[in-house]
Amino acid sequence: MLPREKHGDEARKALKERVQEIKGLGQVGSDIFLGSIQNFFPNVAPFLDNRSRKTAQKIGLGDDLDKIFEAVASDVARMAQLEVALTKIRLDKREGEFKA
């Protein structure tokens, strides 16, 4: 299932298409999957879904994915953790607490 020969946008696109073949997993589900799996499948890194990028912008991290990835030392585990943290901040409506 994992496109090991592909990297970056190409890997993300191929994997999203495959994940969305699973009944009940649409755009949001595939975004959540990609955000989590980048720790274990670095070919899809760096990845932040659109909602997380908007949250990153709101709290002062910007929305440039490459710069955000550099800010976490291009570490895929830290990028996956950031994706989870941004999702939690958004869902808990706590953006105001983290503004730079």
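General observations
- A11 passes every criterion in (1) outside any loop (DSSP other than H, G, I, E, B); (2) surrounded by fewer than 19 Cβ atoms within 10 Å (Cβ to Cβ) apart from (2).
- Where helices (runs of 4 or more DSSP H) fall wholly inside segment 40-100, the ranges with 3 or more residues that are touching a residue at least 12 places away in the same chain (Cβ under 8 Å) and over 19 Å from A11 (Cβ atoms) are 50-58, 76-91.
- Residues of segment 28-37 satisfying the condition of being within 8 Å of the chain's Cα centre (by Cα) and of a type outside the set (S, T, Y): D31, I32, L34, G35
Residues are listed down the side, and each one gets a yes or a no for (1) among the β-branched types (V, I, T); (2) on the phi < 0 side of the Ramachandran plot:
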{"position": "E10", "(1), (2)": "no, yes"}
{"position": "L15", "(1), (2)": "no, yes"}
{"position": "G24", "(1), (2)": "no, no"}
{"position": "D49", "(1), (2)": "no, yes"}
{"position": "Q57", "(1), (2)": "no, yes"}
{"position": "D63", "(1), (2)": "no, yes"}
{"position": "K67", "(1), (2)": "no, yes"}
{"position": "M79", "(1), (2)": "no, yes"}
{"position": "V84", "(1), (2)": "yes, yes"}
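- Selection from segment 31-65 of residues that are over 18 Å from L91 (Cα atoms), crowded, with 17+ Cβ neighbours inside 10 Å and modelled with pLDDT of 90 or more: P46, F47
The values are calculated or read from the model by the stated rules, or taken from the named source; none is laboratory data. Note that the structure is predicted; figures quoted are calculated from it, not measured. Positions of Cβ are generated from backbone atoms using ideal geometry, with glycine treated the same way; all protein chains shown enter the neighbour counts.
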